[in-house]
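**Q** Sharing a structure below in structure tokens format, with a few things to ask.
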Amino acid sequence: MGDEMVVSERRQRGPHAEELREAPKASPRRIWEYARPHWKVLLAGGLLTFLGGLTGLVQPLVAKVVIDALGAGESLARPLLLLTAAVIGGAVISAMGTFVLERTGQSVVLAVRQQLVSRLIRLRVAEVDRLKPGDLVSRLTADTTLLRTVATSGISNAFTSSVLLVAGIVLMAWMDPVLFGVTAVVIVLAAVTMVVVLPRIGRATEASQAALGEMGSKLERIFGAFRTIKASSAETAEIRHLDAAAQRAWRKGVAEAGWSAVAGVTAWLSTNIAFLAVLGVGGARVASGSLEVSSLIAFLLLLFYLMEPISTLVNAATELQSGLAAVRRIDEVGNLEREDTDAHRPEPAEDADASDAIADPGRSDTDTAHNGFPRSPVPGTRRPARVALTDVLFRYADGLPLVHHGVTFEAAGAGLTALVGPSGAGKTTVFSLLERFYDATGGTVAVDGVDVRDWPLAGLRGAIGYVEQDAPVLDGTLQENLVLAAPDATADEIAEVVRRARLSELVGRLPDGIDSAVGHRGTTLSGGERQRVAIARALLRRPRLLLLDEATSQLDAANEAALKEVMLDAARDTNVMVVAHRLSTVTSADRIVVLDAGIVRAVGTHAELVDSDDLYRDLAASQLLTAS
Ligand SMILES: Nc1ncnc2c1ncn2[C@@H]1O[C@H](COP(=O)(O)OP(=O)(O)OP(=O)(O)O)[C@@H](O)[C@H]1O
């Protein structure tokens, strides 16, 4: 024990940061990357909007014809008809274009949400352990909602306004280069102001979204321990925490609104000043006879017409900044370490042990179906798993002390193995390594002679039934809870585990039987019932290895006896490992592993250990209650 183990590069995990790793500042290209799959629809929508806008551009030109016709005393019927057709046609085409573009925006958001959900669910346990779920939830809800604005009106408005603006500028330059020069000076000054203002909008948005995320985390903290908050009369203090985050979101929101107002007024002022300047310079030129009145009016109309695309473009740029802030927060989730669900990796490893395990005919129960998940095993063909830990070194994160200092023990075949030891000895951590919630820092954790890191993850977990210490029951019905890990279980199989987990009486008592709702976190069930539901769920998976983390709280005698019976029953044909906190559990165990401060002190039966191990004798004398 205690030998330094070298872990291959492949197995090393990245540094363990305390917060979400900051994604680099998002560029507008990131938003384009999300939109790219829809480029054809985007193009069609863009063309429609552009066409709609073009008919608008034609209007000043037609107006010039109307005025010229008026001056020449010609009929107005034709030009007016043309103008009406341009207005109505333009409106219809614009509406179609806007719809197509906004629909694309919604599709972009849908894709982002789907990707985010799949990333969140596949996060490694280690990442979720150090993060705040409430903040992650806000990235899925609040940030994607923000992205929707930019991906819908933002993309379409930016696109249409830019095109119209460019067309307008070209038209202006063609109509009168001098007046265009006057306009350009004013517009360039406005653009410079925007360069200063826009990044500030982005930063304010990001800070306000972060504050929203913090509110989510605080709420999640409160509802995660609602009874404790009430019982501790901590409502006022918790409200203060939430209020502080809400105030921060408000401050940043106000800052964002302020900068947006500056951007808006800059756009408005610049076009109006340009209007006045053109009127002044153009008027002087009309007076000197170098410009026709109709040309000045047409130019002013064009400028007036361009006011809208300019302010829309400014709005779109503002939204783009918010969208980029949201994309950055969404991208940070993408940087988190995810599990390789390796649904399509057929074999565990290249080493000899691994191929032995695969070739073993007794392994029919770990066969994988088309999607890599274990098939329902044929009763009678299940072979209990072999578990072996060899010189396992483990720390939860770089910089933290070792939890396991070289743990070595074996638990092979059917039977009950009890892990005992003082609180914090590293018992639950053994289960986390077997389930690969975490990977060992050194040494090997093997199931059936194959390093767990070389098992396809779905295959490994499919062979294991796991009952956490606080035996979580999820919101939903009893039936939904039971089939969580075995969605294909038949009614007979469910009835069988209900009987084995001593739940028949409960099912009989509930108003809707097995279809009764159990409440958020199973609050309508007792602690012992929740535990048995969790065990039944694990058993329904027909595991070859059952990991049971015994609750530290005391159960009443009837519940304790029921639980022990269920365990012993399962141990007849399954390798059952239990983190034991009760004397009755260990005395029934076939093998007891005594862990102390990250090393295995002794292995044996109850009788052997009472004779040979002082720590065990003390633990047994104190009923193995680990809160020592
Ligand atoms: N996610 C985690 N991150 C960092 N440290 C952890 C984490 N989980 C557990 N630890 C630490 O690792 C050590 C071993 O924890 P573990 O839960 O394995 O102990 P245990 O023997 O099961 O204790 P108990 O009997 O009280 O449940 C403890 O010191 C604990 O503080």
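**Q** Residue 604: more than 36 Å from the chain's Cα centre (by Cα) and either more than 30 Å from residue 492 (Cβ to Cβ) or at pLDDT below 90 (or both), yes or no?
**A** yes
**Q** Name the one entry in 42, 81, 48, 70 that is modelled with pLDDT under 80, of a type outside the set (Gly, Ala, Ser) and either within 54 Å of the chain's Cα centre (by Cα) or farther than 30 Å from residue 112 by Cα (or both).
**A** Exactly one residue qualifies, and that residue is 42.
**Q** Working only within the stretch 176-190, note down all residues that are assigned to a helix (DSSP H, G or I) and either exposed (fewer than 13 other Cβ atoms within 10 Å of the Cβ) or at pLDDT 85 or above (or both).
**A** Across the stretch 176-190, the qualifying residues are 177, 178, 179, 180, 181, 182, 183, 184, 185, 188.
**Q** Any residue that is more than 9 Å from the ligand (Cβ to nearest atom) and charged (D, E, K, R) - is there at least one of those in the stretch 431-438?
**A** Checking the stretch 431-438: at least one residue is more than 9 Å from the ligand (Cβ to nearest atom) and charged (D, E, K, R).
**Q** Take the conditions modelled with pLDDT of 95 or more, under 34 Å from the mean Cα position of the chain (by Cα) and not acidic (Asp, Glu) and apply them to residue 445. Does it pass?
**A** When the stated conditions are applied, residue 445 passes them.
**Q** Okay, next question. Considering only the stretch 590-602, how many residues are on the phi < 0 side of the Ramachandran plot and within 16 Å of the ligand (Cβ to nearest atom)?
**A** Qualifying residue count for the region: 9.
**Q** Taking the options 301, 242, name whichever one is under 30 Å from residue 71 (Cβ atoms) and part of a helix (DSSP H, G or I).
**A** It is 301.
**Q** Consider only pairs whose beta carbons are under 7 Å apart and that are at least six residues apart or on different chains; among these, list those whose first residue lies in the stretch 84-108 and is in the same structural domain as residue 148 (by TED's automatic domain parsing) and more than 13 Å from residue 51 (Cα to Cα) and whose second residue is among the aromatic types (Phe, Trp, Tyr) and modelled with pLDDT under 85.
**A** If the second residue must be among the aromatic types (Phe, Trp, Tyr) and modelled with pLDDT under 85, the pairs left are 108/34.
**Q** What is the number of the single condition among (1) small (Gly, Ala, Ser); (2) touching a strand residue (DSSP E or B) at 6+ places or on another chain (Cβ under 7 Å); (3) surrounded by fewer than 21 Cβ atoms within 10 Å (Cβ to Cβ) that residue 504 does not meet?
**A** If we test residue 504 against (1) small (Gly, Ala, Ser); (2) touching a strand residue (DSSP E or B) at 6+ places or on another chain (Cβ under 7 Å); (3) surrounded by fewer than 21 Cβ atoms within 10 Å (Cβ to Cβ), just (2) comes out false.
**Q** Related question: Of the conditions (1) crowded, with 21+ Cβ neighbours inside 10 Å; (2) within 13 Å of the ligand (Cβ to nearest atom), residue 470 satisfies every one except a single condition; which number is it?
**A** Failing condition for residue 470: (1).
**Q** Quick check on this structure: which one of 254, 293, 281 is of a type in the set (Val, Ile, Thr), out of contact with any strand residue (DSSP E or B) (no Cβ under 6 Å at 6 or more places or on another chain) and within 30 Å of residue 222 (Cα to Cα)?
**A** Answer to the check: 254.
**Q** Going through the stretch 113-153 one residue at a time, which ones are surrounded by 15 or more Cβ atoms within 10 Å (Cβ to Cβ) and under 28 Å from residue 52 (Cβ atoms)?
**A** 146, 147, 148, 149, 150, 151, 152, 153
**Q** Continuing with this model, one more query. I need a count of the residues in the stretch 411-425 that are within 13 Å of the ligand (Cβ to nearest atom) and surrounded by fewer than 24 Cβ atoms within 10 Å (Cβ to Cβ).
**A** So the answer is 3.
**Q** Let me ask something additional. Inspect all residues belonging to the stretch 180-193 and state whether any of them is farther than 25 Å from residue 274 by Cβ, of a type in the set (Gly, Ala, Ser) and away from the ligand (no atom under 16 Å from the Cβ).
**A** No - not one qualifying residue is present in the stretch 180-193.
**Q** Name the residue that is farthest from the chain's Cα centre (by Cα), counting only residues in the stretch 530-556 that are surrounded by fewer than 17 Cβ atoms within 10 Å (Cβ to Cβ) and farther than 26 Å from residue 516 by Cβ.
**A** 554
**Q** Exactly one of (1) closer than 21 Å to residue 48 by Cβ; (2) crowded, with 21+ Cβ neighbours inside 10 Å; (3) modelled with pLDDT under 85 is unmet by residue 168. Its number?
**A** (3)
**Q** Taking the criterion of being touching a residue at least 40 places away in the same chain (Cβ under 8 Å), among the small types (Gly, Ala, Ser) and surrounded by 15 or more Cβ atoms within 10 Å (Cβ to Cβ), would at least one residue in the stretch 239-246 satisfy it?
**A** Within the stretch 239-246, none of the residues are touching a residue at least 40 places away in the same chain (Cβ under 8 Å), among the small types (Gly, Ala, Ser) and surrounded by 15 or more Cβ atoms within 10 Å (Cβ to Cβ).
**Q** Go over the candidates 261, 249 one by one and state the one that is farther than 30 Å from residue 299 by Cβ, assigned by TED's automatic domain parsing to the domain that holds residue 309 and at pLDDT 85 or above.
**A** None of the others qualify; the one that does is 249.
**Q** Given the structure, is residue 449 out of contact with any Leu (no Cβ under 6 Å at 6 or more places or on another chain) and either buried (at least 24 other Cβ atoms within 10 Å of the Cβ) or under 29 Å from residue 529 (Cα atoms) (or both)?
**A** no
The values are calculated or read from the model by the stated rules, or taken from the named source; none is laboratory data. Not measured: the values here are computed from a predicted model. Ideal geometry is used to build each Cβ from the backbone, glycine not excepted, and the neighbour counts take in all protein chains shown.
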